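What follows is a short report on a single structure.
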Amino acid sequence: MTDPREVVEALLRATESCDPDEVVRLMADDVVWQNVPLPPARGRAAVAKQLRAMHKVVHEVEVRVHNIAVNGDVVLTERTDVIGRGAWRAEFWVCGTFVVRDGKVVLWRDYYDNATFLFACLRGLGRAALTAARGFAQPVGR
């Protein structure tokens, strides 16, 4: 697979597996991955390490691509990312920039509003708490 759009779509699907090894297989050895404004991870090992750390907290990932545009090796996405664990879910808008060379992602940079991300996390926490409270309110034996 060498088409930049196909490579990026495969990478985003791989993130839904929550398997860092599956994700980094689609990346070049010298890949740069950055969630702006956090510092970038440089190299497949560093990316896999960050993904493993993230998956200690997040056990589920869904990627909903709304728009995708390709200009040569550059792929731009507008999407909603959904992360979760148990009853907790957070949905937030993300714009991603990818550069693909020789069928591998060499750059993955995501931009999202930190306040919106924080609000989505808090909203998810509130919904999880409400779900748990409703469960405790059920009569025994139901």
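The values are calculated or read from the model by the stated rules, or taken from the named source; none is laboratory data. Values in this document were obtained by computation on a predicted structure and should not be read as measured data. No Cβ is skipped: glycine too gets one built from the backbone with ideal geometry, and neighbour counts run over all protein chains shown.
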Kindly indicate whether Asp110 is charged (D, E, K, R), surrounded by fewer than 18 Cβ atoms within 10 Å (Cβ to Cβ), within 15 Å of the chain's Cα centre (by Cα) and over 28 Å from Thr131 (Cα atoms). yes
Kindly indicate the residue of the range 71-102 that is exposed (fewer than 14 other Cβ atoms within 10 Å of the Cβ) and small (Gly, Ala, Ser) and also farthest from Leu26 (Cα to Cα) among those meeting that condition. Gly86
Yes or no: Glu60 more than 18 Å from Arg109 (Cβ to Cβ), surrounded by 14 or more Cβ atoms within 10 Å (Cβ to Cβ) and acidic (Asp, Glu)? yes
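Check Ala132, Ala90 and return the single one that is more than 23 Å from Arg42 (Cα to Cα), of a type in the set (Gly, Ala, Ser) and in a helix (DSSP H, G or I).
Details: Ala90 fails: in a helix (DSSP H, G or I).
One residue alone meets the criteria, Ala132.
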Could you count how many residues in the range 16-35 are outside any helix (DSSP H, G or I), over 13 Å from the mean Cα position of the chain (by Cα) and modelled with pLDDT under 95? 0
Cβ-Cβ under 9 Å, sequence separation 6+ or interchain: first residue in the range 99-125 and on the phi > 0 side of the Ramachandran plot, partner assigned to a strand (DSSP E or B) and surrounded by 15 or more Cβ atoms within 10 Å (Cβ to Cβ). Which pairs? Asp102/Ala28
Only one of Arg13, Arg79, Arg5, Arg64 that is within 13 Å of the chain's Cα centre (by Cα) and not in a strand (DSSP E or B): Arg13
On the given criteria, is Phe136 under 18 Å from the mean Cα position of the chain (by Cα), aromatic (Phe, Trp, Tyr) and either at pLDDT below 85 or surrounded by 16 or more Cβ atoms within 10 Å (Cβ to Cβ) (or both)? no
Give just the number: which of (1) touching a Gly at 6+ places or on another chain (Cβ under 7 Å); (2) without any contact (Cβ under 8 Å) to a residue 40 or more places away in the chain; (3) within 19 Å of Pro4 (Cβ to Cβ) does Ala90 not satisfy? (3)
